[in-house]
Amino acid sequence: MKILLLQLARFGDIFQTWPTIHALKRNFPDCEIHILVRSKFESAIALLPQVDRIWTLDSEKIIRTLIDGGFYASVESLNSLVHQLSEQGFDQVINLTFSNFSGFLTTKISSKTKRGYVRFRDGTPTFADSYSKYFYSQTGVGESNQIHVCDLFAKVAGTELCNEDWNFKPLFQRSQTGRYVAIHLGASHPKKCLPIHTWSEVVDQLVKKQVPIKLIGNKDEIRLAEYILDRTPSVDNLVGKTTFKETFEIVASASVFAGCDSSPLQIASLMGTPALNLSFATVNYWETGPKSSGSRILFETYPSQMKAERVADGIYGLYDGQVVKDSIEVKSPTSKYISGRNSSFESDLVRLIYFSGECPVLNEIDRQILNILKACVFELERGVNVLRKGFNQSSMDRINLSEQKIESLKNTRFRPLIFWFEAEKIMIPPSDFMTAVVKTQNLYLTFKNLILKIQKANKEFLSGSDQVDPTRHLNPV
């Protein structure tokens, strides 16, 4: 079997792809795995022995050429890459990048089967598997996904991860190791960073407890390290001084890693190094948090709320084998996070839609919104039933109005249901009018059944409610 993976995102996403590649090799020992990455991030995959060939896309060069007026040169460059990849005779192409460009590229590359984000023949987006559809509609900050990105990547690729798929430490651990804490001061985005003055207090408290510290990071973070050194000169500053391989070795041999959402945090997971992850509302820790056994997560809504004493105590607790108070526990790479985080209405709704979970409990506002949704979906069914007899502009107008009303409810707690509905609409392929009508009718029926299931579970059915016109909530067209 010959497989091509597309991972055109940044360092962290590429590192989160490593376990999926290992799982594919574990399941298909004789398979040949190729991967396409952006040239700028090739170093993130070059160290992984399970990859048989790396292909690169120089996106910056293509963009520069376009800016300079070289449209045809850019197109020719992309066509050449597609041709080279198509000639490889891949059995499967798996797109792990959820961008419009990657969808076009995946569609153009010849293969027997495809998974991930792709395009229909008319260029409209669609999904080659159910988990890609889930990824597209339910992940991201503020959304209600409950699955870690690493596990989602594996599911999109058609595999499942086990603890063995995280065991990369033997590739990088040094023969002689000392006890120390590796700290990354930066993050993948400024809004995900702990303030540098807080880090300085953390480092000062750890040094007073005689904990050896190695600072790691890239050249853009040198000024952060200098701030620490001005106040605590005894720490070992390696920021901007190491290669990727050396960073892996440092993290692999550390007793503890500490940092926010970043590439080094993902490296710690791959190395099995216990991590103290500092997480805020700007990132979903359950999507991108640490996976190494024994790790802990400290959460605050805003970085400014994270106290230095709490962070220092957490790092020292992991370092010294003590209990880390008020933290979220990571038992193993394949276990769910153990926390006091309550189940939300939105997360319950996701579990109902995708995983046959229990129905969420409605409050009064929810009941009103559900009635509006119910009215909309009944109007959709009424309109599509008319279309079964042939095209009717009035019915099309009523359908469009109802779908607009549904879309207007995105900012309610029913957001996951509405995003599910929109993703399902995308899945309807280009076809003749009547085929499209039938598929759309089936979708409306599924939508209605979900609404009725929620309503029934919450005992909202009134005697004789089926005889009440549900479209009374809608304005006439």
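The numbers here are math on the coordinates, done by the rules we state, and not lab data. Given the structure is predicted, the values throughout are model-derived calculations rather than measurements. Using ideal geometry, Cβ is built from the backbone for each residue, glycine included, and neighbour counts are taken over all protein chains shown.
Based on Cβ point charges of +1 for Lys and Arg and -1 for Asp and Glu, what charge dipole magnitude is obtained for the range 2-166 about its Cα centre, in debye rounded to the nearest 20?
For this selection, approximately 280 debye.
Relative contact order of the chain, please, whole-number percent, based on alpha carbon pairs below 8 angstrom and at least 6 residues apart.
Working: 812 pairs, mean separation 56.3, N = 477.
Computed over the chain, the figure is 12 percent.
Would you be so kind as to identify which of PHE104, VAL311, GLN368 lies farthest towards the positive end of the dipole of the chain, taking Lys and Arg as +1 and Asp and Glu as -1 on Cβ and the Cα centre as origin?
Checked the options; the winner is GLN368.
Step through the residues of the range 64-80 one at a time and calculate ³J(HN,Hα) from phi using the Karplus curve (6.51 cos²θ - 1.76 cosθ + 1.60, θ = phi - 60°), rounding each to whole Hz and writing x for Gly and Pro.
Karplus values, whole Hz, x for Gly and Pro: 4, 5, 5, 4, 7, x, x, 4, 5, 5, 5, 4, 5, 4, 5, 4, 5.
How much net charge surrounds VAL203 when only other residues with a Cβ under 12 Å from its Cβ are counted (Lys, Arg +1; Asp, Glu -1)?
Overall, the nearby charge balance is 0.
So if I place +1 on the C-beta of Lys and Arg and -1 on the C-beta of Asp and Glu, and nothing else carries charge, what would the dipole magnitude of the range 278-336 be about its Cα centre? I want it in debye, nearest 20.
Dipole size: approximately 160 debye.
Expressed as a fraction of 2.2 N^0.38 Å, the rule-of-thumb size for a compact globular protein of N residues, what is the C-alpha radius of gyration of the range 1-82?
Relative to the rule-of-thumb radius for its length, the range 1-82 sits at 1.24.
List the residues, sorted by chain then number, that are 5 or more residues from VAL256 or on another chain and whose placed amide H is less than 5 Å from its amide H.
Residues meeting the criterion, in which the H sits 1.01 Å from N, are TYR180, ALA182.
Roughly what angle does helix 18-27 make with the longest principal axis of the chain, taking Cα atoms, 0 to 90 degrees, to the nearest 10?
Rounded to the nearest ten degrees, it is 70.
Once amide H atoms are placed 1.01 Å from N in the peptide plane, what residues at a sequence separation of 5 or more from LEU57, or on another chain, have their amide H within under 5 Å of its amide H?
The answer is VAL37, ARG38, SER39.
Could you tell me, in Å, what Rg and Dmax come out for the Cα atoms of the range 2-166?
Answer for the range 2-166, Rg first and Dmax second: 15.6, 50 Å.
For all pairs of alpha-carbon atoms in the range 346-473, what percent lies in each bin of width 10 Å, listed from the first bin to the last filled one?
Taking every Cα pair in the range 346-473, the percentages come to 12, 44, 33, 11, 0.
Where the eigenvalues come from the Cα gyration tensor of the chain, what are the semi-axes √(5λ) of the equivalent ellipsoid, largest first, in whole Å?
Output for the chain: semi-axes of 44, 30, 19 Å.
Just to be sure I understand the model, the point goes 7 Å from the Cα along the line to the Cβ. What's the resulting ASN100 to LEU452 distance in nm?
For the pair ASN100/LEU452, the computed spacing is 3.8 nm.
Compute the relative contact order of the range 239-336 as a whole-number percentage, counting only Cα pairs closer than 8 Å that sit 6 or more residues apart in sequence.
Numbers: 163 pairs, mean separation 23.0, N = 98.
The normalised contact order for the range 239-336 reaches 23 percent.
Please give the Cα centre distance for the range 17-43 versus the range 204-222, rounded to the nearest Å.
Distance between centres, Cα-based: 33 Å.
Quick one: angle between helix 345-355 and the longest Cα principal axis of the chain, in degrees between 0 and 90, rounded to 10, please.
80 degrees
How big is the gap, in Å, between the Cα center of the range 355-386 and the Cα center of the range 274-336?
39 Å
If you put +1 on each Lys and Arg Cβ and -1 on each Asp and Glu Cβ, how big is the dipole of the chain around its Cα centre, in Debye rounded to 20?
About 420 debye.
Working from the pairwise distances between different alpha carbons, so that the mean of 1/r is found and then inverted, what is the range 169-329's Kirkwood radius in Å?
Result for the range 169-329 stands at 15.3 Å.
Can you tell me the mean projection area, over all orientations, of the convex hull of the range 127-245's alpha carbons? Units nm², please.
In nm², the orientation-averaged hull projection of the range 127-245 is 10.5.
Which of the chymotrypsin sites (Phe, Trp or Tyr not before Pro) found in the range 352-455 are loop residues per DSSP with 11 or fewer other Cβ atoms within 10 Å of their Cβ? Present the calculation step by step, with values, prior to reporting the outcome.
Details: sites: TYR354, PHE355, PHE378, PHE391, PHE414, PHE419, TRP420, PHE421, PHE433, TYR444, PHE447; in loops: PHE391, PHE414.
Listed in order of number, the matching sites are PHE391.
So if the hydrodynamic radius of the range 303-400 is defined as the Kirkwood radius over C-alpha pairs, what does Stokes-Einstein give as its diffusion coefficient at 20 °C and 1.002 mPa s, in µm² per second? Working shown, then result.
Details: Rh = 18.8 Å.
Value of D from the Cα-based Kirkwood radius: 114 µm²/s.
Averaged over all directions, how much area does the convex hull of the C-alpha atoms of the range 77-145 cover when projected, in nm²?
Result: 5.1 nm².
Would you work out which of THR232, CYS162, ILE399 lies farthest towards the positive end of the dipole of the chain? Charges go on Cβ: Lys and Arg +1, Asp and Glu -1.
Working it through, the farthest residue towards the positive pole turns out to be ILE399.
Give me the net charge of LYS331's neighbourhood, meaning all other residues with Cβ under 13 Å from the Cβ of LYS331; Lys, Arg count +1, Asp, Glu -1.
Spelling it out: positives minus negatives among the neighbours equals +2.
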